[in-house]
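*Asks:* The structure's right below; bear with me while I get my questions together.
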Amino acid sequence: MAKGVKHYKRDGTEYTGGTHKMPNGAVHSGKTHGKTSVKLFHFDELSQKAKENAMPGYGMKTTTPKKKKPAMPKRGQRTMTNKKNKKK
């Protein structure tokens with residue numbers, strides 16, 4: 001088991017206690033196996049919902065800010081287009 005790798009329960013809550021490895025290679029909670037031992041997972045093994053519980057905001061779509069439309073000129077205000085069309 002690598003040190004410093006976070007372990008999570010199935011629902012995405014982080015587990016910080018002791019761990020042990022089962023003969024099949026699965027990591028469980030507790031220093032030794034008991035009635036309360038549960039299987040632990042690495043982040044990449046979690047379901048999408050569990051990942052969102054573990055890291056709020058995970059998988060959210062990023063949106064680009066909408067471009068602002070140029071402000072309409074006030075009544076009587078000169079603009080580039082009406083400056084060109086203005087007769088002298």
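*Asks:* State the number of residues belonging to segment 19-75 that are within 16 Å of K9 (Cβ to Cβ) and part of a strand (DSSP E or B).
*Replies:* Looking only at that region, the number is 7.
*Asks:* Follow-up. Just to be sure I understand, how many residues within segment 15-52 are more than 21 Å from G4 (Cβ to Cβ) and touching a Phe, Trp or Tyr at 6+ places or on another chain (Cβ under 6 Å)?
*Replies:* Looking only at that region, the number is 1.
*Asks:* Within the set of pairs 6+ apart or on separate chains, which have a first residue in segment 26-48 that is on the phi < 0 side of the Ramachandran plot, a second that is of a type in the set (A, V, I, L, M) and open to solvent by 100 Å² or more (accessible area, probe 1.4 Å), and C-beta atoms under 8 Å apart?
*Replies:* These pairs meet every condition: V27/M1.
*Asks:* Specify the residue that is farthest from the chain's Cα centre (by Cα); the eligible residues are those in segment 1-47 that are surrounded by fewer than 10 Cβ atoms within 10 Å (Cβ to Cβ) and of a type in the set (D, E, K, R).
*Replies:* Taking the candidates together, the pick is K35.
The values are calculated or read from the model by the stated rules, or taken from the named source; none is laboratory data. Given the structure is predicted, the values throughout are model-derived calculations rather than measurements. Methodologically, a virtual Cβ is constructed for each residue, glycine included, from the backbone with ideal geometry; neighbour enumeration extends over all protein chains shown. Ligands, DNA and RNA are stripped out before the accessible areas are found, and what is left, the full protein with its side chains, is counted by its heavy atoms. Shrake-Rupley method; radii C 1.70, N 1.55, O 1.52, S 1.80 Å.
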